[in-house]
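These notes are about the structure you will find just below.
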Amino acid sequence: MKRFKYLSLIITSLLLVLTLAGCGTQPLSSQNVLENDKKSNTITWGVKADQKLIGLIDVKDGQEKGFEIDLAKAITKKVLGKNGNAKFVTVTSQSRIPLLKNGNIDAIIATMSILPDRKKVIDFSDSYFDAGQSILVKKNSSIKSVKDLNGKTVTSAVGSNSVDNIQKIAPKARVLQLPDFAQALTALKSGQGDAMTTDNVILAGLAVENPDYKLVGGTFTTEPYGIGINKGQPDFRNAINKGLAEVIKDGTYNKLIMKWFGNVPGFDYKEVLRK
Amino acid sequence: MIKLLVDNWSAFISGFGWTVLSSLLALFFSLIIGSLFAILEVMPSKVARVIGNVYVEVFRNIPLLVITMFFYLVITLYVVKINGFTAGTIGLTIYTSAFIAETVRSGINSVDVGQMEAARAQGMTFWQAMQNVVLPQAFKLVIPPLGNQFINLVKNSSVLAFVAGFDLMYQGNAIASTTFETVNTYVVVGLFYLVITLPISYYMQHLERKLA
């Protein structure tokens with residue numbers, strides 16, 4: 001018993017030391033992210049690592065690949081100059097905002113829609129992608145648009161607002177919420193559902209990996225993605241917005257859209273091109 | 001928490017209903033199937049004993065989720081469409097029956113061999129002796145461990161949430177992720193499970209006292 005007492009004492013004091021050590025650095029709100037990044041010539045981006053076409057770590061070479069990755073690199077070059085470095089940190093939908101708030105990353109570019117609830121906690125750049133909800137079906141399916149879903153079964157992931165949207169637009173559709181997108185797709189493939197629904201870009205990634213499936217009917221909601229930035233960083237936000245505007249203006253943006261989404265069955269990339 | 005409960009009352013109640021229904025069906029069928037395999041395991045025929053053993057060892061050593069997913073995805077893909085509720089209930093029945101078989105078998109084994117021998121000497125067949133002499137004594141002995149199995153069964157029914165079986169846990173997940181009131185939601189879900197499991201617990205204690 002005595003040994004345990006010492007052990008718990010050591011652990012407690014260790015935790016205390018770690019907590020106190022965290023207090024040493026300047027609070028994030030009084031730092032200027034843009035100045036820090038210019039000094040280190042690096043912007044640290046939080047990106048997705050598991051979404052084909054958008055942000056995916058290639059198991060062969062360990063490199064991040066996808067539309068958001070390329071866009072982040074392009075914006076970095078506009079903000080910091082030709083030799084600017086883009087560093088990538090993998091985030092998930094749950095971890096991205098906490099990681100931004102505690103300063104592990106400078107910006108989030110990870111399929112995050114600009115929503116009022118999120119705006120209370122963080123700031124957003126201008127939107128960088130016109131995402132919206134769509135549906136994925138088997139190639140020979142009779143479902144042509146979201147209206148055909150009445151009386152059909154739709155799979156999705158638990159907790160996405162996609163479920164609410166479907167229930168508003170096609171009230172007679174039966175919705176099955178599965179633990180994540182992979183399981184929602186598996187359920188669709190095994191015949192438990194007639195269609196799957198979520199953001200069009202996520203479905204596009206699934207359609208590329210599963211050639212028997214395609215997107216139909218275009219998008220029926222608009223939930224544009226924005227780059228997440230900490231509150232109280234107007235300089236950094238302006239720099240990002242300016243960089244994004246330049247990337248769109250010089251045609252890099254449209255090139256990237258065509259590179260990643262030009263060949264997805266049922267995905268109309270012209271819908272998301274910017275002028 | 002009261003507001004959460006009132007706002008989502010219909011979702012909670014329908015989830016509660018499906019959980020109770022699934023549990024009752026699984027309880028009934030797993031008791032029958034489990035008892036049959038328990039008897040197989042103590043039969044004089046070696047073939048029967050092997051069949052009983054294989055069934056028990058296979059299904060009590062595979063995770064419940066795997067059995068359920070097999071029925072939900074694989075059987076649906078290749079044989080016949082099974083919805084989430086049915087797949088979950090079948091999985092629950094098979095999984096629990098393996099444990100019940102072991103429980104009942106231990107009960108049968110603890111009834112003195114002399115009982116069976118005496119019954120057979122009176123001219124009863126194996127099945128008659130089992131039914132009239134051995135099983136009644138065996139079940140009395142295994143009431144407490146059977147109660148455990150029934151309570152586990154109710155709690156394990158949350159596997160339905162993974163195959164969209166519309167049970168209590170499924171509704172809880174959906175409510176938690178739309179209201180963001182994670183703690184309150186799961187506290188309410190926990191209380192609903194208690195509403196099912198506590199009466200079982202008390203009833204089994206009552207049976208134990210009455211029969212022992």
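The values are calculated or read from the model by the stated rules, or taken from the named source; none is laboratory data. What you are looking at is a predicted structure, and each value in this text was computed from that prediction instead of being measured. Because the Cβ atoms are built from the backbone with ideal geometry, glycine has one as well, and the counts that use them run over all protein chains shown.
Go over the candidates B:186, B:170 one by one and state the one that is touching a Gly at 6+ places or on another chain (Cβ under 8 Å), within 12 Å of another protein chain (Cβ to nearest Cβ), assigned to a helix (DSSP H, G or I) and of a type in the set (Phe, Trp, Tyr). Show your work before the answer.
Working: B:186 fails: within 12 Å of another protein chain (Cβ to nearest Cβ).
Within the list B:186, B:170, the selection yields B:170.
Looking at the range A:187-197, can you tell me whether even one residue there is in the same structural domain as residue A:138 (by TED's automatic domain parsing), under 20 Å from residue A:54 (Cβ atoms) and at pLDDT below 90?
Within the range A:187-197 (the criterion being in the same structural domain as residue A:138 (by TED's automatic domain parsing), under 20 Å from residue A:54 (Cβ atoms) and at pLDDT below 90), the answer is no, since none of the residues qualifies.
Determine whether residue B:88 is within 14 Å of chain A (Cβ to nearest Cβ) and closer than 30 Å to residue B:138 by Cα.
It is true that residue B:88 is within 14 Å of chain A (Cβ to nearest Cβ) and closer than 30 Å to residue B:138 by Cα.
Kindly provide the set of residues from the range B:54-81 that are within 12 Å of chain A (Cβ to nearest Cβ) and either touching a Phe, Trp or Tyr at 6+ places or on another chain (Cβ under 7 Å) or farther than 20 Å from residue A:193 by Cα (or both), ordered by number.
Listed by number, the list holds a single entry, B:65.
Within the range B:124-164, work out how many residues are within 17 Å of the chain's Cα centre (by Cα), more than 14 Å from chain A (Cβ to nearest Cβ) and not aliphatic (A, V, I, L, M).
Of the residues in the range B:124-164, 11 are within 17 Å of the chain's Cα centre (by Cα), more than 14 Å from chain A (Cβ to nearest Cβ) and not aliphatic (A, V, I, L, M).
Identify, from the list A:61, A:117, the residue that is within 14 Å of another protein chain (Cβ to nearest Cβ) and outside any strand (DSSP E or B).
When all the criteria are applied, what remains is A:117.
Can you tell me how many residues within the range B:187-212 are in contact with a helix residue (DSSP H, G or I) (Cβ under 6 Å, 6 or more places away or on another chain), under 24 Å from residue B:175 (Cα atoms) and of a type outside the set (A, V, I, L, M)?
Result for the range B:187-212: 2.
What helices (runs of 4 or more DSSP H) completely inside the range B:1-110 contain at least 2 residues that are under 28 Å from residue B:131 (Cα atoms)?
B:9-41, B:46-60, B:84-110
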